[in-house]
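Engineer: Encoded as structure tokens, here's the structure I'll be asking about.
Values in this text are rule-based calculations from the coordinates and carry no lab data. Note that the structure is predicted; figures quoted are calculated from it, not measured. So basically every Cβ, Gly included, is an ideal-geometry build from the backbone, and we count neighbours across all protein chains shown.
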Amino acid sequence: MKKILLFVLIAVVQSCGVKVKGPDGIARNSNIKAKEISKDIATPAGVNEIVSYLASDELQGRASGSEGINEAATYIANAFKANGVSPYFGAYRDTLTNFKKDLGVAYNVVGFVEGNDPELKKEFLIIGAHYDHIGKAKANGDDNIANGANDNASGTATVMELARYFGTAKTNKRSIIFALFSAEEMGLLGSKHLAEKLKSSNLNLYAMLNFEMVGLPMLDKEYLTYVTGYDLSNLAAISNTYAGEKIAGFLPKAGEFRLFMRSDNHPFHQVFNVPSQTYSTFDFTNFEHYHKVGDEAQLMNYEHMASLINKFVPVIEGIANAATKEIKYN
């Protein structure tokens, strides 16, 4: 009788979805099953929830050093903890040493999922985005809060959902650091701080992949995102191989406006000299509210964002699990 009950219990466990915690830390049934983990972990509703909170008036535009961004840091850290992402340092918050004290205290939020291969786990990927914005901007009527939904609650939500997947699935052979940077808007201070700190500890960094302004789809493009510094490495080709479609392409304006040097990938390129690049969908034609009060959560396309996140899961997984370092600078 005991053997029969045990058999029934095993059958039930294998046939039922596992509860996976959402961005709010509440466990819900997902498509994850025993030995079968769905790549479609992000949903439009879940991504909407994250962006809507980060870009809410309550957080007052998330200026670095402000109380609003302090609340955002708590929200991100709580989500990491709820979803199996450990703090990389002693705590999730890592205080910036290059931030002016008269402006307050600024923190990166840094999580970590250790690789499951005894050798490859000594190599690291960094998946990053900045979670700060500019606070206030030129008023439009009574509204002077620059909520920063596309810039860069969208990238932050992408990193948080990828962290939720890997924190739950633990399918990565290489170790992954999930880094949300403060003070990007003040000159990439958060990423500069973290790059230098990790370099001083002799971190074996393989690549840094950054997400910036991915809240809206591009218009009339044959690829989902573009990669800054496209010609510097084979990252786009590797990404497309693992995605099984053209997920990353070349945007001429990215070179014209020197975007490779203007986001949080660049300090890691400078300090580590390893492939460090940004994925984005802001193509200079699909969004007119850059650093304006109109950058609101309700303008984002959450079906696009959820699809983008889900398509990047096999990309990150493939890069993390490749037997050799495939991404190379040209």
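Engineer: Give Val293, Val274 a once-over and let me know the one that is β-branched (Val, Ile, Thr), on the phi < 0 side of the Ramachandran plot and over 20 Å from the mean Cα position of the chain (by Cα).
Structural biologist: Val293
Engineer: Among the residues of segment 86-105, which ones are in contact with a His (Cβ under 9 Å, 6 or more places away or on another chain) and in a loop (DSSP other than H, G, I, E, B)?
Structural biologist: Hits for segment 86-105 are Leu96, Thr97, Asn98, Phe99.
Engineer: Continuing with the same structure: Hey, can you tell me all the residues within segment 293-309 that are assigned to a helix (DSSP H, G or I) and surrounded by fewer than 18 Cβ atoms within 10 Å (Cβ to Cβ)?
Structural biologist: Gln298, Leu299, Glu303, Ser307
Engineer: I would also like to ask the following. Of everything in segment 232-252, what is part of a helix (DSSP H, G or I) and either out of contact with any helix residue (DSSP H, G or I) (no Cβ under 8 Å at 6 or more places or on another chain) or under 23 Å from Gly190 (Cα atoms) (or both)? Give them in sequence order.
Structural biologist: Selection gives Leu235, Ala237, Asn240, Pro252.
Engineer: For segment 135-180, how many residues meet the condition of being of a type outside the set (Asp, Glu) and assigned to a strand (DSSP E or B)?
Structural biologist: Here the count works out to 15.
Engineer: For segment 118-134, what are the residues that are exposed (fewer than 14 other Cβ atoms within 10 Å of the Cβ) and in a loop (DSSP other than H, G, I, E, B)?
Structural biologist: Pro118, Glu119
Engineer: Could you go through segment 227-244 and let me know if any residue there is among the aromatic types (Phe, Trp, Tyr) and more than 20 Å from the chain's Cα centre (by Cα).
Structural biologist: Within segment 227-244, none of the residues are among the aromatic types (Phe, Trp, Tyr) and more than 20 Å from the chain's Cα centre (by Cα).
Engineer: Just checking, does segment 193-206 include any residue being buried (at least 24 other Cβ atoms within 10 Å of the Cβ) and closer than 28 Å to Gly46 by Cα?
Structural biologist: Checked against the condition, which is being buried (at least 24 other Cβ atoms within 10 Å of the Cβ) and closer than 28 Å to Gly46 by Cα, segment 193-206 yields no hits at all.
Engineer: Taking segment 210-253 on its own, how many of its residues are in contact (Cβ under 8 Å) with a residue 60 or more places away in the chain and under 17 Å from Gly128 (Cα atoms)?
Structural biologist: 9
Engineer: Check Phe268, Phe287 and return the single one that is part of a loop (DSSP other than H, G, I, E, B) and surrounded by 16 or more Cβ atoms within 10 Å (Cβ to Cβ).
Structural biologist: Phe287
Engineer: Hey, another quick one. Here are the criteria: (1) buried (at least 19 other Cβ atoms within 10 Å of the Cβ); (2) touching a Lys or Arg at 6+ places or on another chain (Cβ under 8 Å); (3) assigned to a helix (DSSP H, G or I). Tell me which single one Gly115 does not satisfy.
Structural biologist: (3)
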